[in-house]
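See below for the structure under consideration.
The values are calculated or read from the model by the stated rules, or taken from the named source; none is laboratory data. Keep in mind that this is a model prediction, so the values were computed, not measured. In this analysis, Cβ positions are derived from the backbone assuming ideal geometry, glycine residues included, and neighbour counts consider all displayed protein chains.
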Amino acid sequence: MTPFSRRLFVAALGAAVSTIALSTAGGPALAQQPGSVVTIATIGEPPTLDPVGTTSDLVSIITQHVFETLFTFDKDWKLTPLVAAALPQVSADGKTYTIPLRSGVTFHDGSTMTADDVAASLDHWLKASPRGKTAAPLVEGVAARDASTVVITLKEPFAPLTALLAMNNGAAAIVPKSVIDGANPLKSLVGTGPYKLLEHKPDQYIRLVKHDGYASPAGPASGYGGARSARIGELRFVPVPNAATRVAGVLSGQYQFADSLPAEMQGRFKGSATVKPIVVKPFGFPLMIMNTRTGVAANPQIRQAVLAALGPSDMLLAGFGDPAFFAAEGSIYSPGTPYYDEASAKPYKDNNPRKATELRKAAGYKGEPIRIMTSTQYDFLYKMSLVAQAQLQAAGFTVDLQVLDWATLLQRRSDDKAWDAFFTYHTFVPEPSLITVMNPAYPGWWDTPAKREALAAFNRETDADARRKKWVEIQTLFYSEVPSIKVGDFYNLAAASTRLANYTPTPWPFFWNVDLTQ
């Protein structure tokens with residue numbers, strides 16, 4: 001592939017990243033450093049370290065080092081084997097997936113992975129994961145054909161299956177059969193990844209250490225795929241809810257990496273000889289998730305009024321300050337990607353208080369508080385929620401803005417009687433069915449008959465052009481039923497020590513194949 005065509009391909013998938021020079025070309029030779037420690041400042045304490053039952057990015061960032069899936073994504077967001085030995089063989093009718101497994105893969109407890117472990121792991125995923133529950137109604141069965149082969153049988157073709165199996169959140173994590181207890185959380189956190197869990201002190205740190213028995217996939221490193229090497233002896237994830245503290249810590253050398261920083265803090269790194277900013281572009285899109293099941297937001301006319309009341313550009317400017325870090329884009333997929341469609345996202349720009357007031361009155365709104373959950377741990381989400389509060393109040397709504405720590409928000413959002421909306425964000429994913437709001441089990445619970453039918457038709461379709469057309473139908477429903485409100489596109493700012501070599505900027509930062517120089 002020529003460099004030009006490669007750039008076009010990456011742009012088409014929306015996976016281009018702005019990278020920084022963290023290599024040590026011309027510097028001392030690098031070697032594995034079993035005693036080295038890299039400390040990563042995260043936005044807070046994760047609600048769990050079980051990767052199956054949650055779609056939280058914070059959980060995924062940490063647990064992807066410990067747990068692995070059958071497949072993952074390379075630098076161009078193409079599917080590539082991870083625990084599997086190759087991509088699946090799919091029957092002519094699209095209903096049978098035969099998956100060969102790599103030999104010599106060991107778990108952190110020293111046992112060797114078998115097809116029985118994989119089949120049990122997939123069965124657990126279908127029962128316990130929000131993503132697995134999306135696929136479960138279409139799965140006829142999962143079975144080990146022999147010690148190194150697993151077969152998944154479907155009731156009908158389901159195009160997103162392999163992408164769902166590759167995701168690192170709500171993950172189809174491959175674990176020993178012995179740690180599985182039906183749909184319950186894993187009995188112990190044992191995976192196949194390059195790092196294993198050593199110690200977890202809540203609100204203090206999570207220590208991961210090199211798994212000496214790790215069996216790496218073959219091939220050159222590419223995105224999340226290819227060769228993986230635990231070159232750092234210990235990864236220490238430290239919850240640091242305050243963004244300014246994360247910045248100060250990485251500048252002082254206390255942390256070697258600081259994630260999810262406010263855009264206006266980029267200037268703090270100018271002139272620094274020890275820290276470099278990292279910008280991942282595009283990264284994701286902020287969302288105001290609406291509770292379609294219970295409470296005031298269960299009325300679709302109320303949700304339409306909320307959409308009309310909000311000014312995305314004002315919210316984005318408040319959240320990021322610098323226009324270089326955001327775009328007021330209503331299409332769920334950005335320009336240049338295969339699923340971009342401007343026409344079906346037109347309501348994104350049709351916002352004004354007068355229209356919102358008219359829709360509010362037509363909906364029969366009686367002044368009930370709209371309970372909106374937000375968190376200062378994601379500074380940009382908090383600032384957006386403040387603007388949303390003011391704009392909704394200007395349109396005649398009563399707003400109860402609830403500021404929570406992120407772990408509490410994640411726990412509370414599962415209770416449909418506790419909230420009416422919450423702010424979150426979604427990272428770029430190459431397959432639309434991986435977007436969490438498409439999942440009827442995801443908090444917000446968007447599951448109307450029209451959406452259910454449109455999504456099922458989209459998932460059955462395997463032709464690329466036909467899928468694009470069916471996606472337009474889904475996005476049209478997204479803007480008419482308003483299960484969530486897309487605020488726009490944004491780009492993520494992080495920072496890394498210049499001692500951190502060979503780091504690859506990605507939406508979910510990982511630290512295998514990374515070195516620490518002296």
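Structure data summary
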quantity	calculated
Evaluation of Lys470 against (1) at pLDDT below 95; (2) of a type outside the set (Asp, Glu); (3) more than 30 Å from Phe511 (Cα to Cα) (one fails), failing number	(1)
Residues satisfying the stated conditions in the stretch 339-348, i.e. assigned to a loop (DSSP other than H, G, I, E, B) and either of a type in the set (Phe, Trp, Tyr) or within 14 Å of Ile474 (Cβ to Cβ) (or both)	Tyr339, Tyr340, Asp341
Residues within the stretch 450-506 that are over 20 Å from the mean Cα position of the chain (by Cα), among the basic types (Lys, Arg) and under 27 Å from Val280 (Cα atoms), tallied	2
Residue check for Leu49: out of contact with any Gly (no Cβ under 9 Å at 6 or more places or on another chain), within 15 Å of Leu161 (Cα to Cα), part of a loop (DSSP other than H, G, I, E, B) and assigned by TED's automatic domain parsing to the domain that holds Glu234	no
Total residues in the stretch 209-229, condition part of a loop (DSSP other than H, G, I, E, B) and surrounded by fewer than 19 Cβ atoms within 10 Å (Cβ to Cβ)	11
Residue pairs meeting the criteria (Cβ under 8 Å; at least 6 apart or on separate chains; first outside the structural domain of Asp57 (by TED's automatic domain parsing) and under 30 Å from Leu434 (Cβ atoms), in the stretch 260-285; second part of a helix (DSSP H, G or I) and of a type in the set (Asp, Glu))	Pro262/Asp379
Qualifying residue in the stretch 134-145 (condition: under 23 Å from the mean Cα position of the chain (by Cα) and either part of a strand (DSSP E or B) or surrounded by 16 or more Cβ atoms within 10 Å (Cβ to Cβ) (or both))	yes
Test result for Phe490, in a helix (DSSP H, G or I) and buried (at least 20 other Cβ atoms within 10 Å of the Cβ)	no
Contacts under 7 angstrom Cβ, first residue in the stretch 507-518 being buried (at least 21 other Cβ atoms within 10 Å of the Cβ), partner charged (D, E, K, R) and assigned to a loop (DSSP other than H, G, I, E, B), 6 or more apart	Trp512/Arg228; Val514/Arg231; Asp515/Arg231
Among the candidates Leu154, Leu101, Leu164, residue that is outside the structural domain of Trp446 (by TED's automatic domain parsing), crowded, with 17+ Cβ neighbours inside 10 Å, of a type outside the set (D, E, K, R) and within 26 Å of Pro507 (Cα to Cα)	Leu164
For Ile61: the one exception among (1) touching a Leu at 6+ places or on another chain (Cβ under 9 Å); (2) hydrophobic (A, V, I, L, M, F, W, C); (3) within 30 Å of Tyr205 (Cβ to Cβ)	(1)
Hits in the stretch 18-58 - residues which are of a type in the set (A, V, I, L, M), touching a strand residue (DSSP E or B) at 6+ places or on another chain (Cβ under 9 Å) and modelled with pLDDT under 90	Ile20, Ala21, Leu22, Leu30, Ala31
